[in-house]
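What follows is a single structure, written as structure tokens, with notes after it.
None of the figures in this text is laboratory data; all of them are computed from the coordinates on show. Computed from a predicted structure; not experimentally measured. Cβ coordinates were reconstructed from backbone atoms using ideal geometry, including for glycine residues, and neighbour counts include every protein chain displayed.
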Amino acid sequence: METRVAVIAIIVENESSVEGVNALLHEYSSGIIGRMGVPYRAKGVNIISIAVDAEQDVINTLAGKIGRLEGVTAKTVYSSV
């Protein structure tokens, strides 16, 4: 199956959900190219961007599972190539 390149943008507003996010990222680590996390203490949120190269179904599943965590929002942007 063909893989896609994408970025998953994650906003974590609930500190107790950070462990769940990290567990999911570890579970799907084979498709992760890189990760950048920025704790924005002034607003009490964590901003995470994940670069991935995986099958589209895998990317959608990961983003969906992350977005279902309490206080977490995830959106995906796909490359056109």
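Residues in the range 32-52 include at least one that is farther than 15 Å from Thr73 by Cα and in contact (Cβ under 8 Å) with a residue 40 or more places away in the chain.
Would you mind stating whether Arg41 is buried (at least 17 other Cβ atoms within 10 Å of the Cβ), among the charged types (D, E, K, R) and more than 14 Å from the chain's Cα centre (by Cα)? It is false that Arg41 is buried (at least 17 other Cβ atoms within 10 Å of the Cβ), among the charged types (D, E, K, R) and more than 14 Å from the chain's Cα centre (by Cα).
State whether one or more residues within the range 36-43 are of a type outside the set (Val, Ile, Thr) and under 11 Å from Gly71 (Cα atoms). No, the range 36-43 contains no residue that is of a type outside the set (Val, Ile, Thr) and under 11 Å from Gly71 (Cα atoms).
Taking the conditions (1) of a type in the set (Asp, Glu); (2) surrounded by 13 or more Cβ atoms within 10 Å (Cβ to Cβ); (3) in contact with a helix residue (DSSP H, G or I) (Cβ under 8 Å, 6 or more places away or on another chain) in turn, Glu70 satisfies each one other than (2).
Filtered by the rule that a residue be more than 12 Å from the chain's Cα centre (by Cα) and either closer than 30 Å to Ser80 by Cα or surrounded by 11 or more Cβ atoms within 10 Å (Cβ to Cβ) (or both), the range 7-26 gives Glu13, Asn14, Glu15, Ser17.
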